Amino acid sequence: LLSLGAASAIILFIFKDTILGFIASIQVSVNDIVRIGDWITFSKYGADGFVTEINLATVRVQNWDNTYTTIPTYNLIADSFHNWRGMQESPGRRIKRAIN
């Protein structure tokens with residue numbers, strides 16, 4: 001029983017990123033957090049642009065300067081980011097200034 005627990009702990013440690021990426025990709029697709037073509041801003045990774053690819057373990061973002069940033073899928077669930085899909089789909093604009 002002890003060796004079975006040790007073997008499972010080693011396997012979980014080795015495949016931790018794969019397991020977390022798989023669970024996060026299910027959560028991203030079920031909760032519709034990010035879609036291909038969404039404009040996202042993720043300051044931790046320096047990403048500010050459109051999502052071009054969503055894989056099991058990574059999300060690829062094409063920034064405004066045509067560089068690419070790869071973000072682990074798990075970090076979309078664990079950390080905070082901005083998805084500007086609502087602003088793109090709405091017909092109006094919001095202004096963050098006081099008008100006197």
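May I ask for the angle, rounded to the nearest 10°, between helix 16-31 and the longest principal axis of the chain, with both axes built from Cα atoms and the value confined to 0 to 90°?
That works out to roughly 40 degrees.
So between Ile36 and Thr67, what do we pick up on full extension, going 0.36 nm a residue minus the alpha carbon distance?
9.5 nm
Where does each of 37-47, 76-86 land if you order them by average Cβ count within 10 Å, highest first?
Going by the mean number of other Cβ atoms within 10 Å, highest first, we get 37-47, 76-86.
Over the Cα atoms of the chain, what Rg and Dmax result, in angstrom?
My reading of the Cα-based Rg and Dmax gives 18.1, 73 Å.
Averaged per residue, what accessible area in Å² does the chain show with a 1.4 Å probe, protein chains only?
Accessible surface, normalised per residue, equals 75 Å².
Counting only protein heavy atoms and using a 1.4 Å probe, what share of the accessible area of the chain belongs to carbon plus sulfur, as a whole percent?
With neighbouring chains kept in place, the figure for the chain is 60 percent.
Mind pulling the angle between the C-alpha long axis of helix 2-14 and the longest principal axis of the chain? Nearest 10 degrees, somewhere in 0 to 90.
30 degrees
The values are calculated or read from the model by the stated rules, or taken from the named source; none is laboratory data. Computed from a predicted structure; not experimentally measured. No Cβ is skipped: glycine too gets one built from the backbone with ideal geometry, and neighbour counts run over all protein chains shown. SASA here: full protein model, heavy atoms, side chains in, ligands and nucleic acids out. Shrake-Rupley method; radii C 1.70, N 1.55, O 1.52, S 1.80 Å.
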